[in-house]
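**Q** Would you mind keeping the following structure in view while I ask a few things?
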Amino acid sequence: MITLERRPQPSRAWSYLSPLLAVIVTMIVGGLVFAALGKPPVEAIRTIFWDPLFGDFASYFRPQLLVKAAPLILIAIGLSFGFRAGIWNIGAEGQYIMGALFGAGLALAFYPSEARWLVFPLMIVAGTLGGLIWAMIPGLLRVYFRTNEILVSLMLVYVADFLLDAMALGLLRNPDGMGFPGSRNLQQYPAAHNAELIANTGMHWGVIAAFFAVVAAYILLSRHIFGFNVRLAGQSPRAAAFAGVSADKMVLICLGLSGALAGMAGMFEVAGPSGQVLASFNVGYGFTAIIVAFLGRLHPVGILLAGFLMALTYIGGELAQMNLQLPRSAIQLFQGMLLFFLLAVDVMTNFRIRFGRQKVA
Amino acid sequence: MDLSSINPLLLLASLMVASTPILLAALGELVVERAGVLNLGVEGMMITGAACGIIFSTLTGNAWLGFAGAALGGLMLSFLFAVLTQVLLSNQVATGLALTLFGLGLSALLGQSFADARPPAFPKLDIPILSDLPVLGPVLFRHDGMVYIGLLLVVAVWYFLSRTRAGLVLRAVGENHEAAHALGYRVVLIRFGAIMFGGACAGLGGAYISLVRVPQWTEGMTAGAGWIALAIVVFAGWKPLRLLLGAYLFGGVTVLQLNLQAAGLAIPVEYLSMSPYVATILVLVILAAGRAPGSLGKTFHASR
Amino acid sequence: MKRRTLLKTGATAAFAAALGAPLRAQDGPMKVGFVYVGPINDGGWTQHHHHSAKEMVEHFGDAVELVYQESVPEGPDAERVMTQMCLQGCQIIFTTSFGFMDPTINVAAKFPDVVFEHATGYKTADNVSVYSARFYEGRAIQGHLAGKMTQSNKVGYIASVPIPEVVRGINSAFIHARKVNPDVEFKIIWIFEWLNPAKEADAAKALIEQGCDVVLQHTDSTAPHAAAKEAGGVYTFGQAADMAEFAPMPRISSIIDNWAPYYIDRVQAVMDGTWESVNTWQGIGEGMVGIGEISSAVPDDVKAEAEAMRDAIAAGEYHPFTGPLTDQSGTEFLAEGEVADDGLLAGMNFYVEGIEGDIPS
């Protein structure tokens, strides 16, 4: 009989080792799947994990990793506070969309302004506000009506998604777009364009914001009373209440924070890499970020690494499709597997595996 | 505009068909959530069911076997979820999302060579006498077997949850797993059962899309139906009979907006489409009965 | 392996290429890139592009190598995929969805030595051509058949995304249905997607229930055919693919996309060094639009009329948009005998007189 026994202290060694173990297991199992599909397994794995970083065209792919990872990290950092405190915002996708709509909407309202000093900062504020407002709905409803924030925030994703469709077809549609849906391209609107700060580095304001968020989160969690309260609320809500931490306030702060960061990510994306408000604007960053947050064990540095790992599988996966003609579905399967293994081995951090019969207490 | 061209009876009949996939999937998820587990991977299990349904029915030439295969496919995927969340104690939200990603990939891979397959016809039950009833006949009694199986399952789940001892235990586990454990119930085992029932139901729902409603296989063809199923469970306040209403509301809005368009009515499609989700939030706020099971989404470990 | 050697020679060129310096593919087969918006087995739009691409490869044999990526989201991911193709040494890249327009222009600006072919867009550059098919020619024939075949005088139309191409198709079909049947009316359902089998099935059922006995579709799946078959006595038309498995009933004809001749032509031009930026819009005459076999369900005289119209359009003797034509408000936009120019067609965002309802916005 195999049983799990809770460790008195989470194992430090395992918390570092387990992700590594998961990646290795995924490589082996993934390799088998690729081989079963008649593709060279070693080359496929190398293409996914190695080539984007050190392959022939790494000078192009490394900056792309930043572009792809930044929104994931930014959103995941925001989510991690709530997740630690037991507050479940799974509607980041919706907040991301609202941030983009608010940001782009503001920019287009000023069109064709040349006052970048005014428009761009206002866009950041608007985008952040958009996400914040959208996250405040589940927050306030939980505080005042005791509704479940998981479900309300999830419902609001669909509402935001339909709103995006409506905006791309209606209000924000490009009047010079030959009748096609989609807004003006903000990349061609200098006052609003979230361009690369240094050419070919992938560094745009969103990447800066993501790094800043990681550092700020680290400091908050390890050095600030807020971080302590968050952890306390998650581990023992009763103890937190005794310590004078208002549960309602915690809900609002955590949801607000995650919404604001998701909104900001959406705004940076629509003003930069994406450029347009389109029905196809959102590609699931808000949901993927939830996975990133857990892969990173809700720790800022972990999230940073997890964000890059996810970005790597996206970009490496594209390369493998193109070079080895691996079907896209195989890549999706591979990503799913990686996540499963990462989630599965986490058990080693908090538990010990015991063989033999459990003693009767 | 010509609203008279909409035949309300036919509308009702097609609403029953359009709602069947989401009803089946939602019913499964309802049982899962009643056991205190939140499985966000419904979409992944549905699409896997859709693919398995096509594969099994094409290979065997029998639509019923297709459905059986689909249920099995969904069940296997949910088993994976159960192992991860119940044995390895992974976070349910993250695992569910990963399950959807995995299911989308798996189904596309499995279905690859079945894109041109046409599943065998799934006959409608022409129930004698009943189907000839005026008004009610065409609306209620001229559907295929799965529509009725879906309805029967709703009643069965309602009966199970509210009238049987096993159902009571399952609800107890969902409300407070510590207490249920203290009373000697096998929390993990019960949840395994619930999760796998949910997987099988989601698989059936997916297969209904690929075998009856469309019928063909296309990558990603469930197109978000699994997420709608999650919403319906909430809308229903975790109650099986109200679930039926929820499924008809969500399915009905889709059918209705298509019909209104065809009738030439200028409707803001996006706003109409988002209305059931807004209604769900309102239901959550208004109905005090709509409380989520107490242990929903929380990880349980026995030895503490 | 040829790829490796090519990559090695290109290793240093890669960085330069990322900065916009020329990169020429060397010896070995010429690489031809295809960027698809959907999966290659979608049964419609993408499948036919892929099919045509493979025909093109068959034509050239070992002289070309096909590089493709399926299910590419419209936005920054598309831009990265195109860049990857350029870095790999693709000399010509076909981007086969309208939403790839701005990404194509962006990448083309960075790689002046690679040529791009963008389907269904309107932005060109020195190294970017656009191409599209005159599907409205096929719609005219469908309209004629629909007008003749309908008993209920109600024709259903499953429309996808409200862009000029789709509106043009509706108008063309309606004009020719009315011409042969003054009592005919159109019922139009927009599903706002190009491919969603379940929704297409529901839409077809709704149309049939409201009395339509002909259903036209501008969406890609065969679901409407299955619905029509089940209902019985309803006529449908194949879209993008022949969908011959539903002939002779319900499918009575089809519009087939045939891009292969164009692809062969353009790749040959690159090989010969004669490629230049063009705006191609071809129809039945050039073979880009194929009319599927008119099935035995259609009476012989009607079939002969339809075929005569097809031949007249192919020969350039007849234009589907020939005046007098008025729009919904009753304003004449083409005078007696006047023929629509391409500018008018390209931006067509209004219904002709007689169609009820509004184009969604």
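**Q** Taking a threshold of 28 Å on the Cα-Cα distance, which of the pairs A:39/C:31; C:123/C:187; C:123/C:303 fall above it?
**A** As for pairs spanning more than 28 Å Cα to Cα, those are C:123/C:187; C:123/C:303.
**Q** Another question, then. Could you work out which residue, out of A:265, A:22, A:100, moves most in a Gaussian network model of chain A, that is, has the largest mean-square fluctuation with Cα springs under 10 Å?
**A** Highest fluctuation among the options: A:22.
**Q** If amide H atoms are built 1.01 Å from N in the plane of the peptide, which residues on other chains or at least 5 residues away come under 5 Å of the amide H of residue C:238?
**A** Placed amide hydrogens put C:252, C:253, C:254, C:255 under 5 Å from residue C:238.
**Q** If you fit an axis through the alpha-carbon atoms of helix B:63-82 and take the longest principal axis of the Cα set of chain B, what angle between them do you get, 0 to 90°, nearest 10?
**A** 30
**Q** Does the protein assembly as shown classify as rounded, prolate or oblate by the C-alpha gyration tensor (a ≥ b ≥ c root eigenvalues; a/c under 1.5 gives rounded; else a/b over b/c gives prolate, otherwise oblate)? Walk me through the numbers on the way to the answer.
**A** Values: a/c = 1.67, a/b = 1.24, b/c = 1.35.
In terms of gyration-tensor shape, oblate.
**Q** Evaluate the charge dipole of chain B about its Cα centre and quote only its size in Debye, nearest 20, assuming +1 on the Cβ of each Lys and Arg and -1 on the Cβ of each Asp and Glu.
**A** My answer is approximately 920 debye.
**Q** Please name whichever of A:247, A:121, A:55 sits farthest to the positive end of the charge dipole of chain A, dipole taken about the Cα centre and charges placed at Cβ: Lys and Arg +1, Asp and Glu -1.
**A** A:247
**Q** Taking the Cα centre as origin and putting +1 on Lys and Arg beta-carbons and -1 on Asp and Glu beta-carbons, what dipole magnitude results for the protein assembly as shown, to the nearest 20 debye?
**A** Once rounded to the nearest 20, the dipole reads 6180 debye.
**Q** Based on DSSP, what percent of beta bridges with both residues in the protein assembly as shown are antiparallel, to the nearest 5?
**A** Beta bridges within the protein assembly as shown, antiparallel portion: roughly 25 percent.
**Q** Residue by residue, what Karplus-based ³J(HN,Hα) values in Hz, rounded to whole numbers, does the stretch A:232-249 have, using 6.51, -1.76 and 1.60 with θ = phi - 60° and x for Gly and Pro?
**A** So the Karplus estimates, Gly and Pro as x, are 5, 4, x, 7, 8, x, 5, 4, 5, 5, 5, 6, x, 7, 6, 4, 5, 4 Hz.
**Q** Determine the distance separating the Cα centre of the stretch C:22-89 from the Cα centre of the stretch A:77-93; give it in Å without decimals.
**A** Taking the Cα centre of each part, the stretch C:22-89 and the stretch A:77-93 sit 40 Å apart.
**Q** Whole angstrom only: what separates the Cα centroid of the stretch C:309-335 from the Cα centroid of the stretch B:7-63?
**A** Going from one Cα centre to the other spans 47 Å.
**Q** Also, I was wondering about something else. Quick one: 3J(HN,Hα) in Hz for the stretch C:229-244, Karplus 6.51/-1.76/1.60 with θ = phi - 60°, rounded, Gly and Pro as x.
**A** Computed from phi, the couplings for the stretch C:229-244 are 4, 5, 5, x, x, 10, 9, 9, 10, x, 10, 6, 10, 5, 6, 5 Hz.
**Q** Would any residue of the stretch C:263-298 have its amide N under 13 Å from a label point 7 Å out along Cα→Cβ of residue C:51? List them or say none.
**A** So the set is C:289-293.
**Q** Turning to a different aspect of this structure: Taking amide H positions as placed in the peptide plane 1.01 Å from N, state which residues far from residue C:65 in sequence (5 or more) or on other chains have amide H under 5 Å from it.
**A** Sorted by chain and number, the residues that satisfy this are C:30, C:31, C:32.
**Q** For the stretch A:40-325, what does the relative contact order come out to in percent, with C-alpha contacts under 8 Å and a separation of six or more?
**A** Working: 520 pairs, mean separation 107.9, N = 286.
Worked out over the stretch A:40-325, it gives 38 percent.
**Q** Still on this structure: With contacts defined as alpha carbon pairs under 8 Å and 6 or more residues apart, what's the relative contact order of chain C in percent?
**A** Answer for chain C is 15 percent.
**Q** Assuming a ≥ b ≥ c are the square roots of the Cα gyration tensor eigenvalues, decide whether chain B counts as rounded (a/c under 1.5), prolate (otherwise, with a/b larger than b/c) or oblate. Intermediate results must be reported in sequence, preceding the final value.
**A** On the way: a/c = 1.70, a/b = 1.37, b/c = 1.24.
Verdict is prolate for chain B.
**Q** Placing +1 at every Lys and Arg Cβ and -1 at every Asp and Glu Cβ, with all other atoms neutral, what dipole size does the stretch C:98-164 have around its Cα centre, in debye to the nearest 20?
**A** 460
**Q** Please enumerate, by chain and number, the lysines with C-alpha under 21 Å from the C-alpha of residue B:298, excluding those fewer than 8 residues away in the same chain.
**A** B:239
**Q** Same structure again: Taking the Cα of residue A:325, stepping 7 Å toward and past its beta carbon, and measuring to each backbone N in the stretch A:23-43: which are under 18 Å?
**A** Those under the cut-off are A:34-43.
**Q** Return one number: the angle in degrees, 0 to 90 and rounded to the nearest 10, between the long axis of the Cα atoms of helix C:45-60 and the longest principal axis of the Cα atoms of chain C.
**A** 50
**Q** Round to a whole angstrom and tell me the spacing of the C-alpha centers of the stretch C:202-259 and the stretch C:186-201.
**A** Result: 12 Å between the Cα centres.
**Q** Pulled fully out, how much extra length does the chain show between residue B:4 and residue B:142, if you take 0.36 nm times their separation in residues and subtract their Cα-Cα distance?
**A** Additional length available on full extension: 47.4 nm.
**Q** Another question about this same structure. If we count other beta carbons within 10 Å of each Cβ, what is the order of C:187, C:31, fewest first? If you can, show how the numbers build up before the last one.
**A** On the way: C:187 25, C:31 21.
By the 10 Å Cβ count, ascending: C:31, C:187.
**Q** Okay, moving on. Answer rounded, prolate or oblate for the stretch B:7-123, using the Cα gyration tensor with square roots of eigenvalues a ≥ b ≥ c: rounded when a/c is under 1.5, else prolate when a/b is larger than b/c, else oblate.
**A** It comes out oblate by the Cα gyration axes.
Where a number appears in this text, it was derived from the coordinates with a stated rule and is not lab data. Computed from a predicted structure; not experimentally measured. No Cβ is skipped: glycine too gets one built from the backbone with ideal geometry, and neighbour counts run over all protein chains shown.
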